[in-house]
2 protein chains.
Amino acid sequence: MKRAIRVLGVDPGLRITGWGVIETEGPRRRWIAHGTISPAPALPLAVRLGEIALGLREVIVTYAPDEAAVEETFVNVNPRSTLLLGQARGAVLATLATAQVPVVEFAARKVKQSIVGAGSADKSQVAFMVKRLLPLAGEVKADAADALAIALCGAHHRPVSGVRA
Amino acid sequence: MKRAIRVLGVDPGLRITGWGVIETEGPRRRWIAHGTISPAPALPLAVRLGEIALGLREVIVTYAPDEAAVEETFVNVNPRSTLLLGQARGAVLATLATAQVPVVEFAARKVKQSIVGAGSADKSQVAFMVKRLLPLAGEVKADAADALAIALCGAHHRPVSGVRA
């Protein structure tokens, strides 16, 4: 008997890393859990990145996702922001890979396209559709809504073509 | 009886991550080990970052460093390079923090200053001084030499003021 596949969506950020877990079985999607990881900004960089990694590891252990989906980073106009985001992203991707969770990356446009039907959709449209597609999720804040949208996109574009670590 | 302190220096990079371990006891420095982690470039990004994290974890388990020193990243003129380096750096810092190794960061200028005596020293001067200060290391390639230089800088600027994860 084939069980439903669990997809973990992650929206990496040094200040707030959003995550969301859904189950997918054929055309059906079911909300499992979502949340955010927010290390105290006053902590040293390495400690903040360590908290993101540990928080995500806890999510992986708790919800045992079969696959993960992460948004591709666009290169920011501000190089400092790009560097900070890159570091958060590196912590997230390394944690997924060392936990043997296969990762697929999606461009932000593709995430919006697959949820709202338009690559140029804004955050509120994405949040609205996440709520409609996953009614059990209830009220979801922006960062976790983005993560659930990424998970939905990952579910939509299965099977995973990434290579296992 | 106080034992010598082990300092792990890391020079993060997606293509090549250099590492070097030294022991420090008062003014004395002793080479312990060095090496590089080079994930195959053809692998997906997450898998490469996972290999960097696993490789570094193995170094930590094998050599049990008390502290780590990592070079601060300068923001590159090329945003794409900045993003790639940031991701490698995030994987490295998160791995050190989750392994409870306290991290200190140093500007490249400071590393050169403390090894060669000049912040504008070039790579060959740094490698030359690493060889002089750590004769047991033998022939060391550039990336590992940089990591040993960072470890020497970390040893020079102890005690660590960073916060433990």
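The values are calculated or read from the model by the stated rules, or taken from the named source; none is laboratory data. Bear in mind that the values here come from a model prediction, so they are computed numbers and not experimental data. Reconstructed Cβ throughout: ideal geometry from the backbone, glycine too, with neighbour counts over all protein chains shown. Areas reflect the complete protein model, heavy atoms only, side chains present, ligands, DNA and RNA absent. Shrake-Rupley method; radii C 1.70, N 1.55, O 1.52, S 1.80 Å.
Worth pointing out:
- Hits in the stretch A:132-154 (condition: charged (D, E, K, R), under 15 Å from the mean Cα position of the chain (by Cα) and in a helix (DSSP H, G or I)): A:ASP143, A:ASP146
- Among the residues of the stretch A:81-127, just one is closer than 24 Å to A:LEU56 by Cα, open to solvent by 30 Å² or more (accessible area, probe 1.4 Å) and without any contact (Cβ under 8 Å) to a residue 12 or more places away in the chain, namely A:SER81.
- Applying the condition of being in a helix (DSSP H, G or I) and over 16 Å from the mean Cα position of the chain (by Cα) to the stretch A:118-128 and asking which residue is modelled with the lowest pLDDT yields A:SER124.
- Selected residue (only one of A:ALA68, A:ALA53 is buried (at least 23 other Cβ atoms within 10 Å of the Cβ), of a type in the set (Gly, Ala, Ser), over 28 Å from B:PRO102 (Cβ atoms) and in contact (Cβ under 8 Å) with a residue 12 or more places away in the chain): A:ALA68
- Every condition in (1) assigned to a helix (DSSP H, G or I); (2) open to solvent by 50 Å² or more (accessible area, probe 1.4 Å); (3) modelled with pLDDT under 90; (4) more than 11 Å from chain B (Cβ to nearest Cβ) is met by A:ARG158 except one, and the failing one is (1).
- Scanning the stretch A:132-146 for residues that are surrounded by 15 or more Cβ atoms within 10 Å (Cβ to Cβ) and either modelled with pLDDT under 90 or over 16 Å from A:GLN113 (Cα atoms) (or both) yields A:LEU134, A:ALA137, A:VAL140, A:ALA142, A:ASP143, A:ALA144.
- The helices (runs of 4 or more DSSP H) found entirely in the stretch B:1-117 that carry 2 or more residues being modelled with pLDDT under 95, within 7 Å of chain A (Cβ to nearest Cβ) and within 21 Å of A:THR82 (Cα to Cα) are B:79-98.
- The stretch B:56-90, residues that are over 19 Å from B:ALA107 (Cβ atoms) and within 13 Å of the chain's Cα centre (by Cα): B:LEU56, B:VAL59, B:ILE60, B:PRO65
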